[in-house]
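Step one of this worksheet: look at the structure below.
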Amino acid sequence: MHKLSVMAVAAALLAGCTMAPWYHRPAAPVSQTFPEGGVYATQPGQPGGVPNGRSANGAAATDIGWRDFFVDQRLQQLVEIALKNNRDLRVSVLNVEAVRAQYEITRAELFPSIDATGTESRTRVPRDLQTSPRNPVSIYNVGLQASWEIDFWGRIRSLKDQALAQYLATAEARKAAEISLVSQVADQYLTMLADDDLLTITQNTLKTAQDSYNITKVQFDNGTGTELDLRQAQTVVETAQANLQAQMRARAQAENALVLLIGEPLPADLTQGQSLDSQDLLTDIPAGLPSDLLTRRPDIMEAEQQLLAANANIGAARAAFFPKISLTAALGTESLSLGGLFKAGTAAWSFAPQITMPIFEGGANIANLKLANVEKRIEIANYEKAIQSAFREVADGLAARGTYDQQIAALERNTFANQRRLDLSDLRYKNGVDSYLPVLTAQTDLYSSQQTLIQTRLARLTNLVDLYRALGGGWIEHAGETPRPADAPVDYGAASAPVAASAAKAG
């Protein structure tokens with residue numbers, strides 16, 4: 001009895017183990033903390049930081065819903081439309097379903113397969129070998145056939161673990177795609193607002209330049225002005241006219257890009273949006289520690305799942321060196337006539353265990369094991385690169401967040417100075433104190449400083465959006481919500497249901 005118990009335990013252990021290497025998560029190849037000092041020392045919410053925008057009140061990016069991060073209702077509406085209609089996101093959801101089906105196919109190999117069969121065989125035997133008066137002979141058979149490979153060495157289980165890891169990696173990729181889409185819609189919307197502002201200042205500059213040109217032309221026609229002044233005024237008009245066309249083109253293309261992201265034309269009933277200056281984004285989301293990115297960033301979790309898949313594949317490659325044991329059985333009835341299939345005495349069965357031991361494979365098994373080990377090293381490098389890229393994105397965002405406020409303040413003072421300079425130069429010109437050249441120079445510099453100010457404001461806002469994404473924000477809609485599984489579609493009428501948890505449980 002004791003021996004039987006030991007054998008049962010051993011069989012259970014053999015059926016449940018694999019030959020995959022013990023997995024150890026590689027150490028993160030980055031510093032333990034994000035950069036500090038210098039440009040990083042003036043973060044919002046810290047001593048020396050410039051308060052400019054709403055506060056996150058210490059909440060991590062993953063705990064902040066995108067409706068809480070963005071206050072512009074028009075932008076919120078566009079994000080909601082994109083989450084329902086974006087075609088790339090739909091492909092990501094379908095990829096998850098496809099890989100889940102592949103996982104279920106692989107997992108099914110762990111269980112016996114049972115088939116119902118019905119056959120008829122008709123055989124003619126040569127006369128010299130004939131032992132029955134009936135020639136040819138028909139044999140009818142109806143029954144069940146079962147086959148099962150006993151997974152002693154864990155080959156199938158390793159393949160199942162590999163398929164599960166690939167499924168979870170695809171689910172994380174789908175989560176990364178949704179988070180990225182939220183930030184892309186926001187960035188493109190802000191770009192469109194910036195193009196609107198650039199169009200406005202270009203139109204204003206063109207109007208001012210046209211008025212100055214008209215006055216200068218009248219003076220030239222009356223003989224009180226020079227052609228030099230006239231041509232200088234004309235250069236400002238033509239430059240502004242050319243810029244206006246460029247800005248109109250950029251504005252139209254920005255809207256086209258936004259339409260592509262949301263997956264439908266801009267609805268006519270969109271709520272009134274806010275201007276670029278009024279976009280009140282959360283500014284002081286804490287960065288935490290680099291190790292936090294391992295659980296916040298879906299792209300890092302995707303890379304680790306790919307590493308786990310490669311690790312499991314080594315187990316399958318190792319198991320290929322050992323015998324395969326399979327059982328085949330059949331049970332049914334057999335008769336020389338259809339009418340006699342279910343009569344007494346027609347029962348038939350067969351049982352055929354088989355063991356296959358690889359002896360010579362031309363080096364294929366050795367090469368497969370080498371390939372599996374190389375692929376694991378590749379995935380380790382990809383995992384480490386994902387961490388390094390995430391660290392760099394966050395560090396870049398922190399460096400930008402610590403400098404944009406002061407840069408914008410300086411640009412605003414510079415724009416004011418240029419406006420005042422233009423007013424004084426124009427006054428001196430009209431009073432005959434100076435030539436038209438200082439007016440031309442001041443007008444050009446003012447226009448340039450206004451453009452730079454708008455572009456820098458846009459860069460500040462898009463940096464905040466991208467930092468929110470880099471820290472893992474954008475997966476939940478409202479703060480306080482329970483995050484969905486990685487493979488769960490956004491709940492805006494989507495038909496698919498969460499399946500990641502059930503797949504992991506089944507594994």
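Can you pull out every residue in the stretch 462-489 that is crowded, with 22+ Cβ neighbours inside 10 Å and not in a loop (DSSP other than H, G, I, E, B)?
Listed by number, the residues that qualify are Leu464, Val465, Leu467, Tyr468, Arg469, Ala470.
Mind telling me which of the residues Pro298, Pro290 ends up being at pLDDT below 95 and within 25 Å of Thr33 (Cβ to Cβ)?
Just one listed residue meets the conditions, Pro290.
Consider Gly49 carefully, then state whether it is at pLDDT below 55, surrounded by 12 or more Cβ atoms within 10 Å (Cβ to Cβ) and in the same structural domain as Pro290 (by TED's automatic domain parsing).
yes
Of the residues Ser425, Ser435, Ser448, only one is surrounded by fewer than 16 Cβ atoms within 10 Å (Cβ to Cβ), more than 19 Å from Leu276 (Cα to Cα) and of a type in the set (Ser, Thr, Tyr); which? Before the answer, list the steps.
Working: Ser425 fails: surrounded by fewer than 16 Cβ atoms within 10 Å (Cβ to Cβ); Ser448 fails: more than 19 Å from Leu276 (Cα to Cα).
Going through Ser425, Ser435, Ser448 in turn, the sole match is Ser435.
Restricting the search to the stretch 99-128, which residues are touching a residue at least 40 places away in the same chain (Cβ under 8 Å) and over 23 Å from Ser326 (Cβ atoms)?
Result: Val99, Arg100.
Which pairs have Cβ atoms under 6 Å, sit 6 or more apart or on different chains, and link a residue in the stretch 21-35 that is touching a residue at least 60 places away in the same chain (Cβ under 8 Å) to one that is among the acidic types (Asp, Glu) and surrounded by 11 or more Cβ atoms within 10 Å (Cβ to Cβ)?
Pairs that qualify, where the first residue is touching a residue at least 60 places away in the same chain (Cβ under 8 Å) and the partner is among the acidic types (Asp, Glu) and surrounded by 11 or more Cβ atoms within 10 Å (Cβ to Cβ), are Pro29/Glu384.
Tell me which of these Pro136 doesn't satisfy, since it passes every other one: (1) surrounded by fewer than 22 Cβ atoms within 10 Å (Cβ to Cβ); (2) of a type outside the set (Lys, Arg); (3) not assigned by TED's automatic domain parsing to the domain that holds Lys343.
With respect to (1) surrounded by fewer than 22 Cβ atoms within 10 Å (Cβ to Cβ); (2) of a type outside the set (Lys, Arg); (3) not assigned by TED's automatic domain parsing to the domain that holds Lys343, Pro136 is out only on (3).
Give all pairs with beta carbons closer than 7 Å in which a residue from the stretch 181-197 that is closer than 17 Å to Asp280 by Cβ and touching a residue at least 40 places away in the same chain (Cβ under 8 Å) meets a residue that is of a type in the set (S, T, N, Q) and surrounded by 21 or more Cβ atoms within 10 Å (Cβ to Cβ); count only pairs at least 6 apart in sequence or on separate chains.
Leu190/Gln279
The values are calculated or read from the model by the stated rules, or taken from the named source; none is laboratory data. Owing to the predicted nature of the structure, the values given are computational and were not obtained by experimental measurement. Don't worry about glycine lacking a Cβ; one is built from the backbone with ideal geometry, like all the others, and counts go over all protein chains shown.
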